[in-house]
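The structure appears below as structure tokens.
The values are calculated or read from the model by the stated rules, or taken from the named source; none is laboratory data. This structure is a prediction, so every number in the text was calculated from the model and none was measured. Backbone-built Cβ (ideal geometry, glycine too); neighbour counts: all protein chains shown. The area values use the complete protein model at the heavy-atom level, side chains included, leaving out ligands, DNA and RNA. Shrake-Rupley method; radii C 1.70, N 1.55, O 1.52, S 1.80 Å.
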Amino acid sequence: MLSIKNIRENFEEVEAGLAKKHVKADLDHLIKLDDKRRQLIVETDELKNLKNKASKEIPQLSGQDKEKKIAQMKESQAKSKTLERELEEIKTEIDATLVKLPNPAHESVPEGADEQDNVVIDTWGKKPSFDFKPKDHVDIGKDLDIIDIERAAKVSGSRFSYIKGQLVLLELALVWFALDKLIKKGFTPMLPPVLVKEAAMYGTGFLPADEAQIYKTALDDLYLIGTSEVPLASYHSDEIIEEEKLPLRYTGFSTCFRREAGAYGKDTRGMFRVHQFDKVEMFSFCSPDKSYEEHDFIRQTEEEMMQELGLPYRVVNICGGDLGAPAAKKYDLEIYLPGQDKYRELTSCSNCTDFQARRLNIRMRTDKGNQLLHTLNGTAIAVGRTIIAILENYQQKDGSVKVPEVLQKYTGFEVIKK
RNA sequence: GGAGGAGUCGCAUAGUGGUUGAGUGCAGCCGCCUGCUAAGCGGUUAAGCUGGGAAACUGGCUUCGAGAGUUCGAAUCUCUCCUCCUCCGCCA
């Protein structure tokens, strides 16, 4: 969320940042509303001041003087209530507008309307060459009996999967691999709740923007998280953190749930786009003047993991029109999938600046007073998609799949085979 | 799910309609005292909004789990909700 103060003080910058996201907002109208709000605050505060004084005087008075004063206050309090109601309405209107405005894009974000305009800034690794026709993960999984999508459809519907046998151990190996690395880099591991209250969804900016993507429970006003970013960000809500403790880094491992509404035709084959998957996530609470450094750190960490896993990828700077509401800037790592002969999104990391911090009320204590901090998130390992990438990139002619070397100490085997 | 109890300024507590601009203790910080330490004495320690002022600074308002209500006036009374605790039931 933006603050009205920020809009007043950095009008042109905010306007430009929103324009980059292809969002048009009537900021002039907002400022007019805020003028009215301030004026009403002055008026109601005067009346409240009067009230406070009177409630000290009244007990000292008696008889007619007392009756008179009470009658007088009755009248002025009625007026005060009316003004306060007016003030509430204006505040509600301002907030309703602000909560819908996305975080303005950073100046280093490329211009553009959609995916087509994202900018590839780096490419790593060599696409594997095969002396046979490579299969996609669906066929590999079926042939080795380690992925069962048909039975998942029977039990849960489309876009679900069973992971079986050796692949289960590969998943856990990936999780261990990520956690080992991140703990060394100062991340505190967390197993967060996967059901959260509405406030956590609003606080992180998934509501109201992405309502259609979120599962909601029928009887309990709780939402299933689409990423552990939600409970990790909310962990410190309404807190003030000492500046010396920043950056505070957490890594959350959780199952994630996404409705994938509006993706009906997309990625229907296999488990690339499913309703449920496991993910190791990085999250950082950071001082505002260091957040772009931290963003690079998170991106580099993602790249290191891909390199150690030996998966060819490219880095994409997401353009303004393709950015979500909370992010001021975002990088995606796209992984090469031989089964599709394409680079596909595997991880992404965002600098949300103070957008989530304002909604969640997370500040840092500095010598110069308290101020909102910045929040950043990045995928460490999106397990499902990483499994796809490993199966397709490490497949062999005989139908078996080699285990990337860095994972072998966790799996205890070197090859997945029949 | 049923029955009770509780939520006050970092922690602990006082406070059942009006001198509460929320007191006291502990802890923290600063100073004094002091061979050292301890003790003692004095001061100080929340957040948000808003007005005046170039600024230093200064005035006002709000916040006692959250929201609504009663009242001229609510930490205090009423209602709803949230969280935690105890007991019973059920359960991985």
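Taken over region A:145-170, the residue count meeting the criterion of being farther than 26 Å from A:Ala261 by Cα and open to solvent by less than 20 Å² (accessible area, probe 1.4 Å) is 3.
Could you list, in sequence order, the residues of region A:334-345 that are assigned to a strand (DSSP E or B), open to solvent by 10 Å² or more (accessible area, probe 1.4 Å) and either in the same structural domain as A:Leu18 (by TED's automatic domain parsing) or out of contact with any Pro (no Cβ under 9 Å at 6 or more places or on another chain) (or both)? Scanning region A:334-345 gives A:Glu334, A:Lys342, A:Arg344, A:Glu345.
Evaluation of A:Gly203 against the conditions (1) surrounded by fewer than 22 Cβ atoms within 10 Å (Cβ to Cβ); (2) over 20 Å from A:Asp278 (Cα atoms) shows that the sole unmet condition is (1).
Scanning region A:226-254 for residues that are within 16 Å of RNA strand B (Cβ to nearest atom) and at negative phi gives A:Pro231, A:Ser234, A:Tyr235, A:His236, A:Ser237, A:Glu239, A:Ile240, A:Ile241, A:Glu242, A:Glu243, A:Glu244, A:Lys245.
Taking the criterion of being under 30 Å from A:Asn351 (Cα atoms), in a helix (DSSP H, G or I) and among the aliphatic types (A, V, I, L, M), would at least one residue in region A:58-70 satisfy it? Within region A:58-70 (the criterion being under 30 Å from A:Asn351 (Cα atoms), in a helix (DSSP H, G or I) and among the aliphatic types (A, V, I, L, M)), the answer is no, since none of the residues qualifies. Scanning region A:76-129 for residues that are touching a Cys at 6+ places or on another chain (Cβ under 9 Å) and open to solvent by 30 Å² or more (accessible area, probe 1.4 Å) returns A:Glu111, A:Ala113, A:Asp114, A:Glu115, A:Gln116, A:Asp117, A:Asn118, A:Val119. Screening region A:7-30 for residues that are surrounded by 13 or more Cβ atoms within 10 Å (Cβ to Cβ) and not in a helix (DSSP H, G or I) and picking the one that is farthest from RNA strand B (Cβ to nearest atom) gives A:His22.
When A:Asp180 is tested against (1) modelled with pLDDT of 95 or more; (2) in contact with a Gly (Cβ under 9 Å, 6 or more places away or on another chain), only condition (2) is not met. Of A:Asp322, A:Asp367, A:Asp354, all but one fail to be among the acidic types (Asp, Glu), away from RNA strand B (no atom under 16 Å from the Cβ) and surrounded by fewer than 24 Cβ atoms within 10 Å (Cβ to Cβ); the exception is A:Asp322. The strands (runs of 3 or more DSSP E) found entirely in region A:139-243 that carry 2 or more residues being touching a residue at least 60 places away in the same chain (Cβ under 8 Å) are A:188-190, A:239-242.
Pairs meeting the criteria (first residue in region A:116-135 and more than 19 Å from A:Lys397 (Cα to Cα), second residue in a strand (DSSP E or B) and hydrophobic (A, V, I, L, M, F, W, C), beta carbons under 6 Å, at least 6 apart or on different chains) are A:Asn118/A:Val316; A:Val120/A:Val316; A:Ile121/A:Val315; A:Asp122/A:Val315. Taken together, A:Leu33, A:Leu47, A:Leu61 contain a single residue that is more than 9 Å from RNA strand B (Cβ to nearest atom), open to solvent by less than 40 Å² (accessible area, probe 1.4 Å) and not assigned by TED's automatic domain parsing to the domain that holds A:Gly324, which is A:Leu33.
Taken over region A:286-333, the criterion of being part of a strand (DSSP E or B) and at pLDDT 95 or above is satisfied by A:Tyr313, A:Arg314, A:Val315, A:Val316, A:Asn317, A:Lys329, A:Lys330, A:Tyr331, A:Asp332, A:Leu333.
Residue by residue through region A:91-116, note down the ones that are assigned to a helix (DSSP H, G or I) and either within 13 Å of A:Lys20 (Cβ to Cβ) or within 12 Å of RNA strand B (Cβ to nearest atom) (or both). Selection gives A:Lys91, A:Thr92, A:Ile94. Restricting region A:64-75 to residues that are surrounded by 13 or more Cβ atoms within 10 Å (Cβ to Cβ) and more than 7 Å from RNA strand B (Cβ to nearest atom), which is nearest to A:Met1 (Cα to Cα)? Out of the qualifying residues, it is A:Lys69.
Residue check: is A:Ala261 surrounded by fewer than 21 Cβ atoms within 10 Å (Cβ to Cβ), farther than 20 Å from A:Ala173 by Cβ and in contact (Cβ under 8 Å) with a residue 12 or more places away in the chain?
Spelling it out, A:Ala261 is indeed surrounded by fewer than 21 Cβ atoms within 10 Å (Cβ to Cβ), farther than 20 Å from A:Ala173 by Cβ and in contact (Cβ under 8 Å) with a residue 12 or more places away in the chain.
From the list A:Leu18, A:Leu101, A:Leu83, A:Leu33, the one residue that fits, being over 29 Å from the mean Cα position of the chain (by Cα), modelled with pLDDT of 90 or more and under 26 Å from A:Thr353 (Cα atoms), is A:Leu33.
Okay, residues lined up against (1) touching a Ser or Thr at 6+ places or on another chain (Cβ under 8 Å); (2) away from RNA strand B (no atom under 16 Å from the Cβ); (3) free of Cβ contacts under 8 Å to residues at least 40 places away in the same chain; (4) of a type in the set (Gly, Ala, Ser):
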position: A:Gly378; (1), (2), (3), (4): yes, yes, no, yes
position: A:Ala389; (1), (2), (3), (4): no, yes, no, yes
position: A:Ser400; (1), (2), (3), (4): no, yes, no, yes
position: A:Val403; (1), (2), (3), (4): yes, yes, no, no
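Counting only helices (runs of 4 or more DSSP H) that sit completely within region A:351-418, those holding 2 or more residues that are within 17 Å of A:Val175 (Cα to Cα) correspond to A:383-393, A:405-411.
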